[in-house]
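First comes the structure, then the notes that go with it.
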Amino acid sequence: MATLVRRLRTSVAPMIDVTDPYFLRLTRLISPFGNHQLWTEMIHANAFSRGRIHLDPVKLAQNLPLRELEDFADNVVVQIGSSSPQDAHEAVDTLVKLGVRNINLNCGCPSRNVQMGAFGAVLMKTPTVVADIVSAMSEAA
């Protein structure tokens with residue numbers, strides 16, 4: 001029975017103001033078998049290329065579950081939002097250097113703010129842009 005329970009996986013969708021590093025830590029602590037995947041809130045790729053978030057330890061810790069990456073990196077997924085292959089490339093390059101092993105491109109958020117930034121669900125209208133972003137992300141990984 002324990003083997004069956006260990007194979008089951010809980011995965012919580014990234015949610016603004018919910019799946020912050022504290023929530024992810026709590027989720028990890030209450031799971032007896034570590035059988036879940038921790039998804040971060042979406043981080044805009046330009047937070048790395050323009051905002052230089054990775055150079056500010058406080059901002060970085062507010063957005064990424066760095067403590068979880070130390071011994072739980074296979075189960076942490078960082079979600080980025082971008083409409084720029086260059087920004088996505090730089091974000092992935094930085095995240096990999098920080099120890100992130102799983103990175104997801106947000107192509108589903110229907111939020112008006114996200115759509116005005118030309119990423120999230122609105123990306124589905126431009127599959128060639130998505131392909132270019134994914135290619136740049138793969139290249140950086």
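List every residue whose amide H lies under 5 Å from the amide H of L38, counting only residues 5 or more places away in sequence or on a different chain, with H placed 1.01 Å from N in the peptide plane.
Sorted by chain and number, the residues that satisfy this are V76, V77.
If you take every DSSP beta bridge fully contained in the range 19-141, what fraction is antiparallel? Give it as a percent rounded to 5. Before the final figure, lay out each step's value.
Details: 0 of 8 bridges.
DSSP beta bridges in the range 19-141 are roughly 0 percent antiparallel.
I want to check the label-to-label distance for R50 and S138. Put each point 7 Å from Cα in the C-beta direction and report it in nm to one decimal.
2.8
Within the chain, what's the longest stretch lacking trypsin sites (Lys or Arg not before Pro) that sit in DSSP loops with no more than 16 other Cβ atoms inside 10 Å?
Numbers: sites that count: R9, R50, R52, R101.
Maximal segment without exposed cleavage sites: 53-100.
Sum -39500 (n - 2.57) across every DSSP H segment of at least 4 residues in the chain, then divide by the residue count to get the 222 nm mean residue ellipticity, nearest 500. It would help to have the intermediate numbers written out before the result.
Numbers: 8 runs with 66 residues, N = 141.
The per-residue figure over the chain is -12500 deg cm²/dmol.
Would you mind computing, in nm to one decimal, how far apart the modelled labels at V58 and A118 are, each placed 7 Å from Cα along Cα→Cβ?
Roughly 3.3 nm, to one decimal.
Which one of L66, V129, L24 has its Cα pushed farthest toward the positive end of the charge dipole of the chain, where Lys and Arg give +1 and Asp and Glu give -1 at the Cβ?
L24
Quick note: the coordinates plus some simple rules give every number you see, no bench work behind them. Small disclaimer: the values here were computed from a predicted structure and weren't measured. Here Cβ is always computed from backbone atoms with ideal geometry, including for glycine, and neighbour counts include all displayed protein chains.
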